[in-house]
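The values are calculated or read from the model by the stated rules, or taken from the named source; none is laboratory data. This one's a predicted model, so the numbers in the text were calculated from it and none came from an experiment. In this analysis, Cβ positions are derived from the backbone assuming ideal geometry, glycine residues included, and neighbour counts consider all displayed protein chains. All accessible areas refer to the heavy atoms of the entire protein, side chains included, with ligands and DNA or RNA removed. Shrake-Rupley method; radii C 1.70, N 1.55, O 1.52, S 1.80 Å.
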Amino acid sequence: MNTCMADRNNPEIQFSTAERHYYGRDGTIVDRARAFKWYSRAAEQGHAEAQFVLGLMYEHGRGVDQSLLKAAGWYKRASQAGHAGAMNNLGCMYYEGSGLHRDAEKAAELFLKAAGHGHASAQFNLSIMYLFGKGGIKRDPAKAFKWCLSAAEQGDVSACYRLSWLYEHAVGTSHDGRLARLWFMRAQGCNVAAGGEDDGLSEYNMTLECGGGVSQKTAGIKDAESQSIADQYRSLWKSMFTSPRNVEVRGGVLTNDYCIDCRFCCGPQPDGDEPFPMALLDRQITRQTGQDLYMIDRHTACLDQRGCRALGPNGCNLKRDLRPVACNIFPYVLINRRLYLYRICPVSMFLSSDRIFELAEVVRLWLDVQPEADIRRISIYRSPDELEEKYIDLSMPIHGRPA
C-alpha cells in the first residue's frame, strides 16, 4: 500500500496510512505530523475512529500543538458518530471543565451512553457518579457496584481496585473479604497476559469525585515487562522482609518501617532517570536547606543518581517537619493532583487492600486541608507510560483548601 492510494477519498485507507505513520508499522518511519495529516483527512470524511484519535492528539499534543478546545470538538464529532471512547473522554472534559464549561450532568449523560456501549472506562466513571450522587444522578451504591463490576470484568485496573474496596467495605454489596483480596490482586496483575502496544494516546478514567486519570486505550493493559520487574522486586522483598512491619500515618507523616532496610527510593537512582522533584513548602525552607538536600531550584529538592543528600547511616538526617511532603507520605505519591501508590514498594506488596486504602484515606484527608497553592506545588507530573509502569491509581483526587 502506498500513500498515493490514501488520497482517493477512501477514509479507511487514509486511516490505515495514518496508523502506519503513527506507529512506524510495515517499515514506515514514525512521523506523527504526517500521521496527523492522514487522520485529519479520514476524520473530515466522517471516520469516527480517526475523529477520536484526533481528539487524543490535540488533547495530549501528539504530532500537533495541544488544544483542549479542538480536542473537545473532535470528541464531539466522534461521539455523534457513536464512538464510545469519545463519549467517555468528552464526558470527562465536561466533568472537569477541561477545555469546556464544567457540566457534570452532561458528563453523566455521556458516561451512561458510553457505558451502554460496553466501554469499560465509562462504566467505571458511571459507577463513581452513582457512588457519590454526581451529575444529577441520585446516589445508588447498588448501581455503583453493578457498573464497577462490569468495568472490572473487562480488565479496567481502576475498577478492579475500587471493586476490592466496595467488597471490603460492603458498599452496594455484602462484605466479602475473599473477593476483596482477589480483585485487589487481579488489579495488580490483571492484564499481564493481554499484552498490547503503548500508543501514547490515552483515554480518561475518571477518579473519585474528579477526573484527570489516564488509562491506556486498551483499558489499562500493562506492559508484561513492567510486571516482570514488579515480580522481581516482590521476590527480593519477600527474601528481605520475613515478617510484616508497621506502617501508619500521624499528622500527615507516614511511618514506614520497611524503609529502614529498603532505602531503594532515597538511595542513588538508576542512571538515565530524570531527577525526581520534591517540592518544599515555604515553611520548610531554611538557610540550611541547600546543604541538607540536593536542589533543582529554591522550592524544589530532588533525588537523582546521587540519591538523597539527607540520607545517613541511620536513615534520614532531617526532622520530619523539614522533609519534603513527598517523603512524608511515601509510598503514596501525589501525581497530577491525585493519589497513587508506588507499585514496587514493599507496602504495596505486603499490606492488605483494606489497610492500603485506609492509610490512603488518612493521607488524602490531610492533603485536602492544605492550601490549594501548596497542593499545586507538591503535585508532580508523570507520563502515561511511567504511570502505568510504576504507580497504582487509588482513585483519590486531591483538591486542597481554596484560598
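Tabulated values for the structure
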read-out	value
When residues of the stretch 293-325 are limited to those that are crowded, with 17+ Cβ neighbours inside 10 Å and in a helix (DSSP H, G or I), the one nearest to the chain's Cα centre (by Cα)	Val325
Arg25 being surrounded by fewer than 18 Cβ atoms within 10 Å (Cβ to Cβ), of a type in the set (D, E, K, R), out of contact with any helix residue (DSSP H, G or I) (no Cβ under 7 Å at 6 or more places or on another chain) and modelled with pLDDT under 90	no
Options Pro371, Pro397: the member that is open to solvent by 20 Å² or more (accessible area, probe 1.4 Å) and in contact with a Lys or Arg (Cβ under 6 Å, 6 or more places away or on another chain)	Pro371
Any hit, the stretch 332-344, residues being among the aromatic types (Phe, Trp, Tyr) and closer than 22 Å to His299 by Cα	yes
Condition met for Gly251 (farther than 16 Å from Glu386 by Cβ, exposed (fewer than 15 other Cβ atoms within 10 Å of the Cβ), of a type in the set (Gly, Ala, Ser) and without any contact (Cβ under 8 Å) to a residue 12 or more places away in the chain)	no
Arg382 being basic (Lys, Arg) and in a helix (DSSP H, G or I)	no
Residues of the stretch 4-18 classified as among the acidic types (Asp, Glu) and at pLDDT below 90, total	1
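Quick grid of which residues meet (1) in contact with a helix residue (DSSP H, G or I) (Cβ under 8 Å, 6 or more places away or on another chain); (2) of a type in the set (S, T, N, Q); (3) without any contact (Cβ under 8 Å) to a residue 40 or more places away in the chain:
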| position | (1), (2), (3) |
| --- | --- |
| Gly307 | no, no, no |
| Ile329 | yes, no, no |
| Ile335 | yes, no, no |
| Met349 | yes, no, no |
| Phe357 | yes, no, no |
| Arg364 | no, no, yes |
| Ile375 | yes, no, no |
| Ser379 | no, yes, no |
| Pro384 | no, no, no |
